[in-house]
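The values are calculated or read from the model by the stated rules, or taken from the named source; none is laboratory data. Because the structure is a prediction, the values reported are computed rather than measured. All Cβ positions, glycine included, derive from the backbone under ideal geometry; neighbour counts span all protein chains shown. In case anyone asks, the SASA skips ligands and DNA or RNA and just uses the protein heavy atoms, side chains included. Shrake-Rupley method; radii C 1.70, N 1.55, O 1.52, S 1.80 Å.
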Amino acid sequence: LALGPGLMNAYGVYEEEYNRLYDNKDGGHYSSALGAPVIFVGVIQIFIANTLRPVGYHVMHRLGPGPCVFVGGIIMSIGLLSASYSQHVWELCLTQGAVFGVGVCLVWVSAASAQSSWFDKNRSAATGITHMGLGIGGFVYSQLTRFFLEKSGTGGSLRWLSLTTLVGATV
């Protein structure tokens, strides 16, 4: 769970950066081409990842947990890579919000439910250890995101995280 939802938990680092980049204050509110504040990028991520869970479960049962994590990781990587070329907030909502959210949904569903089929004894302990990845991933990815932002800027950091997501999904 460190890969998908953990990376999604680190969005706050980008929100701070996007507020700085897209700071078109209009009446005290952040605005963009569509009048949407940058917080909608994170809201869309969470909404898509949670709303599409029934679809994610169906896909996982059809493909299996391993291929579902792989496909979800590729979709997440595509979302981050395309977000690195975004020029407007609405583009970030589509790429880092919607596309990335679909990938997180597939990774989350597979990782959260796979251990219950592997463990008969200590299933609750296995589930707890698996869900620790949410916090660990959020901590690690937020530090990694800050490092990439300082070294390579917004677009470069999104590309580096896209690469780490792709590598993490294939391993």
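For this structure, a couple of remarks:
- The convex hull around the C-alpha trace of the range 82-128, projected and averaged over every direction, spans 4.0 square nanometres.
- Karplus-based coupling profile of the range 81-86, in residue order and whole Hz: 5, 5, 5, 5, 9, 6, with θ = phi - 60° in 6.51 cos²θ - 1.76 cosθ + 1.60 and x standing for Gly or Pro.
- Diagonalising the gyration tensor over the Cα atoms of the range 76-171 and scaling each eigenvalue by 5 before taking the square root yields semi-axes of 29, 15, 10 Å, largest first.
- Note on the chain: with charges restricted to the Cβ of Lys and Arg (+1) and Asp and Glu (-1), its dipole about the Cα centre is near 460 debye.
- Extension gain for the segment Phe119 to Ile136, taken as residue separation times 0.36 nm less the Cα-Cα distance, is 3.9 nm to one decimal.
- Built from the Cα atoms of the chain, the convex hull projects on average onto 9.8 nm², one quarter of its surface area.
- Considering only Phe119, Phe147, Phe139, the Gaussian network model of the chain with Cα springs below 10 Å gives its largest mean-square fluctuation to Phe119.
- Residue (of Ala98, Ser84, Gly168) at the positive-pole extreme of the range 70-171, dipole from beta-carbon charges: Gly168
- As a fraction of the 1.4 Å probe accessible area of the range 45-157, surface on carbon and sulfur atoms comes out at 69 percent.
- For the chain, the solvent-accessible area of protein heavy atoms averages 52 Å² per residue (probe radius 1.4 Å; ligands and nucleic acids excluded).
- Computed on the Cα atoms alone, the convex hull of the range 45-93 gives a volume of 67 cubic angstrom per residue.
- ³J(HN,Hα), Karplus 6.51/-1.76/1.60, whole Hz, each residue of the range 101-117, x for Gly, Pro: x, 5, x, 4, 4, 5, 5, 4, 4, 5, 5, 6, 10, 5, 5, 5, 8
- Relative contact order (%) - the chain, alpha-carbon pairs under 8 angstrom, separation at least six: 36
- The range 36-137, relative contact order [Cα under 8 Å, separation at least 6], %: 36
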